[in-house]
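Notes for the one structure printed next.
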């Protein structure tokens with residue numbers, strides 16, 4: 001009987017969490033407009049400024065083998081499938097910028113983190129453009145400042 005009660009409470013808790021997450025996402029969708037569309041994105045230039053001022057964290061959500069082949073040393077790496085089990089690695093007091101090469105996973109991660117109460121945007125021009133942006137003088141300025 002005790003095991004059944006514990007299981008029932010766990011199911012109710014899960015259902016209430018899912019309902020709360022659904023409510024956050026639903027509210028986001030109900031109020032989504034052109035400004036929200038603009039506010040959900042950040043480009044490479046803005047990202048670099050946010051990181052330099054310690055206002056944001058870059059979250060690289062590519063698969064482990066992608067990250068191992070090349071990466072941004074200042075990024076936090078949590079592959080998208082591992083994100084739900086690694087939320088404790090993210091600072092809720094900072095803006096989280098999700099990123100991948102083509103935005104598909106970055107947008108999924110952004111929406112997921114939004115339902116968890118994080119301040120979050122996605123890197124609109126992707127990691128490949130960020131890498132290109134950081135070449136030459138931009139890299140030197142980023143490293144030295």
Point to revise | Leading residue by the ranking (nearest to residue 111 (Cα to Cα)) among those in region 66-78 that are outside any loop (DSSP other than H, G, I, E, B) and out of contact with any strand residue (DSSP E or B) (no Cβ under 7 Å at 6 or more places or on another chain) | key: 66
Review point. Among the residues of region 110-128, which ones are part of a loop (DSSP other than H, G, I, E, B) and under 18 Å from residue 50 (Cβ atoms)?
Key: 118, 119, 124, 125
Practice item. Read through the list (1) surrounded by 12 or more Cβ atoms within 10 Å (Cβ to Cβ); (2) in contact (Cβ under 8 Å) with a residue 60 or more places away in the chain, then give the number of the only condition that residue 87 fails. Key: (2)
Point to revise | Residue tally, condition in contact (Cβ under 8 Å) with a residue 12 or more places away in the chain and either under 17 Å from residue 105 (Cβ atoms) or under 15 Å from the mean Cα position of the chain (by Cα) (or both), over region 45-65 | key: 13
Revision key, fill the gap. Only unsatisfied item for residue 131, checking (1) part of a loop (DSSP other than H, G, I, E, B); (2) more than 12 Å from the chain's Cα centre (by Cα); (3) touching a residue at least 24 places away in the same chain (Cβ under 8 Å), is (1)
Review point. How many of the residues making up region 104-117 are more than 11 Å from the chain's Cα centre (by Cα) and without any contact (Cβ under 8 Å) to a residue 24 or more places away in the chain?
Key: 1
Review point. Quick check, is residue 107 more than 18 Å from residue 132 (Cβ to Cβ), assigned to a helix (DSSP H, G or I) and in contact with a strand residue (DSSP E or B) (Cβ under 8 Å, 6 or more places away or on another chain)?
Key: yes
Revision key, fill the gap. Exception for residue 81 within (1) surrounded by fewer than 18 Cβ atoms within 10 Å (Cβ to Cβ); (2) touching a residue at least 60 places away in the same chain (Cβ under 8 Å); (3) not in a loop (DSSP other than H, G, I, E, B) falls at (2)
Review point. Is one or more of the residues making up region 30-43 under 23 Å from residue 136 (Cα atoms) and touching a strand residue (DSSP E or B) at 6+ places or on another chain (Cβ under 8 Å)?
Key: yes
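Here, each number is a calculation from the coordinates, and none is a lab measurement. Just so we're clear, the structure is a prediction, and the values are computed from it rather than from any experiment. Cβ: placed from backbone, ideal geometry, glycine included. Neighbour counts: every protein chain shown.
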